[in-house]
Amino acid sequence: MNGSERSGTLEPLRWESPVEPSPAAVAERLRAEGVDPYSWSNAPGDRYAAHSHAYTKVLMCAAVSITFLVGEAEAAVELTAGEGFVLPAGTRHGAAVGPEGCTCLEGHR
């Protein structure tokens, strides 16, 4: 995870494979975290308004980049391919997709 601010509520997920991140490889990594992942993609500059979920989200970026704005302070957490986090249930977050779009995979606990 890049950026000058990190939220204390996030548990980072690190890429530990010598294989480059890809949607298939990231899906395998998330299955190791105990979730059944699904993929989604967005166009450059797309945004998600701040919201929260009743479940824990386990997410990894598989291609390009996305910046999540986490918590009431909207701490910026930039993810590039192979980076991710576990976001506890009820944590407020929004997102801004990078200049080349993004592909992410996530599952829920």
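None of the figures in this text is laboratory data; all of them are computed from the coordinates on show. The shown structure was predicted, so the numbers you read here are calculated from the model rather than taken from an experiment. Heads up, the Cβs are rebuilt from the backbone with ideal geometry, glycines too, and the neighbour counts pull from every protein chain shown.
Summary table
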read-out: Charged-residue dipole, Cβ positions (Lys, Arg, Asp, Glu), the chain about Cα centre, Debye nearest 20; value: 220
read-out: Dipole of the chain [Lys/Arg +1, Asp/Glu -1 at C-beta], most positive-end residue of V35, P99, C61; value: V35
read-out: For segment 20-68: rounded, prolate or oblate by the Cα gyration tensor [a/c cutoff 1.5]; value: oblate
read-out: Cα shape, segment 49-109, gyration tensor, a/c 1.5 rule; value: oblate
read-out: Whole-Hz ³J(HN,Hα) from phi, Karplus 6.51 cos²θ - 1.76 cosθ + 1.60, for segment 41-54, glycine and proline x; value: 9, 9, 7, x, x, 4, 9, 10, 5, 4, 7, 9, 10, 7
read-out: Correct option for Rg and Dmax of the Cα atoms in Å [calculated from the coordinates] among [x] 12.6, 36; [y] 15.3, 44; [z] 13.1, 41; value: [x]
read-out: Estimated 222 nm signal from helices in the chain, with DSSP H stretches of n ≥ 4 weighted -39500 (n - 2.57), rounded to 500; value: -2500 deg cm²/dmol
